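Below is one structure, written out as structure tokens, with a few remarks after it.
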2 protein chains.
Amino acid sequence: MKKRYRNGETWDFEHEIGVLGDREVILGLDGGTTSTICICMPIFPFSDPFPDPLPVLSRAVAETAARETLEQVMADALLKSGSNRSAVRAVCLSVSGVNHSTDELGILNWLREIFPTHVKLYVQNDAVAALASGTMGKLHGCVLIAGTGSIAFGFTEDGRQARAAGAGPVLGDRGSGYGIAAQALTAIIRAYDGRGPVTILSSNILQILGLSSPDELIGWTYADPSWARIAALVPVVVACAEAGDRVAHEILQDSVEELALSVKAVVQRLGLCGEDGKGSFPLVMVGGVLEANNKWDIGKEVVNHISKSYPGVLPIRPKVEPAVGAALLGWNFLLKESHMEPCKTSEEWNCTVARP
Amino acid sequence: MKKRYRNGETWDFEHEIGVLGDREVILGLDGGTTSTICICMPIFPFSDPFPDPLPVLSRAVAETAARETLEQVMADALLKSGSNRSAVRAVCLSVSGVNHSTDELGILNWLREIFPTHVKLYVQNDAVAALASGTMGKLHGCVLIAGTGSIAFGFTEDGRQARAAGAGPVLGDRGSGYGIAAQALTAIIRAYDGRGPVTILSSNILQILGLSSPDELIGWTYADPSWARIAALVPVVVACAEAGDRVAHEILQDSVEELALSVKAVVQRLGLCGEDGKGSFPLVMVGGVLEANNKWDIGKEVVNHISKSYPGVLPIRPKVEPAVGAALLGWNFLLKESHMEPCKTSEEWNCTVARP
């Protein structure tokens, strides 16, 4: 069913709402696999540092990332902020799964149906908004995302980019939450059949899952192919490592090395560390695996590991969410564009796209 | 749809065929995930060694392992051998996925509907028939199966049994064909994003798959979740190792260590090697991964590895197929039963089951 966007019900509220003064706004969207968040932010004057807190006007959330949902969540954010589409200067949409220019163009064309021609549209991979949420909109440095999956993603100021890992479980995403938990489940089977050392992972994980024997893990694993369900066991692995379990400790150590290696590969390829390898660069760290654990802090260990090779690493744990990162990114693109207008045509900027 | 087995069309041929003399037969079935093979063998007098070739009367093949198929393939084998159900002394059915007594009982009850009460019925995991195909029906020793998946399975003469590995890819089945190929794909991604050394696996595998960039492997991998499709790349990995590629060599070496470890865990737990660790025991080796490769022979390396710990290992590559192994197993059960009749009731033997 093709929806008639311009005349659809989604935007009915616009007839009843006037634009408050001449306030222009930016929409920042973070579209994950399970939900979409849209924030609405006014165009504010450049300052360094940015105002704290940032002047976010409104925030809307939806449970899916379908296109109808994206449209609805943008309308909700505008309605809540007392604006309408004529106030929008830019939309920056960051979505997972944008890996090729074809993905991007499809979304840009669809956004173009909703917004007038003068609105600047930017479509990004979700890793880009995650980076921007730590650098306050600046595309420079590296972001390491370690949740169910993991990916390292880097940008230079002159527009080069590189990624490492992020290819999913089949292709050896060992540092991720899924990777950690799958190794823990494997360790239980190995201890059970005599291939590996005894570990308290066995009793602790079986108890959490309500299983009585390691044998039953086989059925449990194949009953539901969701990677997130397996990755949810990471806190148990961390707790076992904190309790002194050697096997759990080694699994986390392996994850640390894998995650650090992803970042180092990106830093190396982009030369983010300068010619002498000692230059400083921001490393934005995002995702459940990197959030402060108690005694065993995976994120801290990853930074320690990286700083042995690159002492200039500046770890950042973002204070704002990725949707705000997306809005800041849109704001930064606008700012850059106004400075660089002579270098690029307006049309080129209307389709600015960062490709992972 | 419940089929009326006793009066169904499947067995119509029995009205037109008489039993040839008083020749009694055994049916051996090997039910894999993609096909089922049934062979029909006469009861022959015990001899050591067995007659070579074995007196197989007929062989029938079907493309699935559904129950209707199993029934049809047994009827076909009997028809081809000029026998009918009244000539059957025993049926030994070996199927993948039989891991619990509930699996076994369901199949036994269903077989009992087809065959008269005096027919002995045996249901086994497919690993048991694979062992029997190497030991000519004797349940003693260890079988190592390494195809798409891998498993080590051992039996002692006094009826104890143990298994190792065989829990599938999520639970770290690294020695398997899937494990080898997934590691090779991972190595390509790692070389591409700077996390790992350059390898000729990249060009060789991409060429076979018709892909132009390692990036495209991500889409290729997730387009089809079949493990067998990935495992089919093993010969390319072997060819790269034979051409001197270090990365491919290390992947195969890792597979060798994993497979040897599975066998050693089983041998250790069952004490197959005797008290001094030097006793001899058969090791039956089955599956594509263990079949003679050219210069790089995974099966040979596995045996070398095991013999360092257990010098009494006697490697066997079966000369008969698993369905024949199943028939020999049925024959052996019958023989044992006639000697041991006073120890067990007939009913118990009618439901003899080997549990992995």
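The values are calculated or read from the model by the stated rules, or taken from the named source; none is laboratory data. From a predicted model like this one, the values you see are computed outputs, not experimental measurements. Backbone-built Cβ (ideal geometry, glycine too); neighbour counts: all protein chains shown.
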Check B:L314 against each of (1) outside any helix (DSSP H, G or I); (2) touching a strand residue (DSSP E or B) at 6+ places or on another chain (Cβ under 8 Å); (3) within 21 Å of A:G172 (Cα to Cα) and name the one condition it does not meet. (3)
When you scan segment B:257-272, do you find a residue that is closer than 23 Å to B:I306 by Cα, in a loop (DSSP other than H, G, I, E, B) and in contact (Cβ under 8 Å) with a residue 24 or more places away in the chain, even just one? yes
Taking the condition of being surrounded by 24 or more Cβ atoms within 10 Å (Cβ to Cβ) and either among the hydroxyl-bearing types (S, T, Y) or on the phi > 0 side of the Ramachandran plot (or both), how many residues in segment A:249-276 meet it? 2
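In the list A:A162, A:A167, A:A132, A:A90, which residue meets the criterion of being under 12 Å from the mean Cα position of the chain (by Cα) and either at pLDDT below 90 or aliphatic (A, V, I, L, M) (or both)?
A:A132
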Tell me the residue from B:A191, B:A182 that is aliphatic (A, V, I, L, M) and crowded, with 21+ Cβ neighbours inside 10 Å, please. B:A182
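What residue, among those in segment B:283-299 that are part of a helix (DSSP H, G or I) and of a type in the set (A, V, I, L, M, F, W, C), is surrounded by the most Cβ atoms within 10 Å (Cβ to Cβ)?
My answer is B:V289.
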Here's a check for you: in segment B:258-308, which residue that is closer than 25 Å to B:V238 by Cβ and among the polar types (S, T, N, Q) is nearest to the chain's Cα centre (by Cα)? B:S262
Restricting to segment B:165-183, give me the number of residues that are in a strand (DSSP E or B) and either more than 11 Å from every other protein chain (Cβ to nearest Cβ) or acidic (D, E) (or both). 0
B:A162 vs. criteria in contact with a helix residue (DSSP H, G or I) (Cβ under 7 Å, 6 or more places away or on another chain), within 9 Å of another protein chain (Cβ to nearest Cβ), in a loop (DSSP other than H, G, I, E, B) and over 21 Å from B:D297 (Cα atoms): no
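Residues are listed down the side, and each one gets a yes or a no for (1) within 14 Å of chain B (Cβ to nearest Cβ); (2) within 21 Å of A:Y178 (Cβ to Cβ):
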residue	(1), (2)
A:Q253	no, yes
A:E258	yes, yes
A:V263	yes, yes
A:L272	yes, no
If you go through B:V119, B:V123, B:V128, the only one that is buried (at least 20 other Cβ atoms within 10 Å of the Cβ) and over 24 Å from B:A260 (Cα atoms) is B:V123
Quick one: would you say B:I316 is away from chain A (no Cβ under 14 Å) and surrounded by 15 or more Cβ atoms within 10 Å (Cβ to Cβ)? yes
Residue selected from segment B:58-113 under the condition β-branched (V, I, T) and closer than 18 Å to B:L329 by Cβ, by the criterion surrounded by the most Cβ atoms within 10 Å (Cβ to Cβ): B:V73
Residue within segment B:274-282 that is away from chain A (no Cβ under 14 Å) and in a strand (DSSP E or B) present: yes
Condition check: among the acidic types (D, E), surrounded by fewer than 14 Cβ atoms within 10 Å (Cβ to Cβ) and at pLDDT 70 or above. Does A:E16 satisfy that? yes
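Working only within segment B:302-342, note down all residues that are over 30 Å from B:R59 (Cα atoms) and either in contact (Cβ under 8 Å) with a residue 12 or more places away in the chain or touching a helix residue (DSSP H, G or I) at 6+ places or on another chain (Cβ under 7 Å) (or both). Spell out how you get there, then give the answer.
Taking segment B:302-342 and keeping what is over 30 Å from B:R59 (Cα atoms), we get B:302-313, B:340-342.
The answer is B:V302, B:V303, B:H305, B:I306, B:S309, B:Y310, B:P311, B:G312, B:V313.
The rows are residues; the columns are (1) surrounded by fewer than 16 Cβ atoms within 10 Å (Cβ to Cβ); (2) modelled with pLDDT of 90 or more.
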position	(1), (2)
A:E301	no, yes
A:K308	yes, yes
A:C343	yes, no
A:A354	no, no
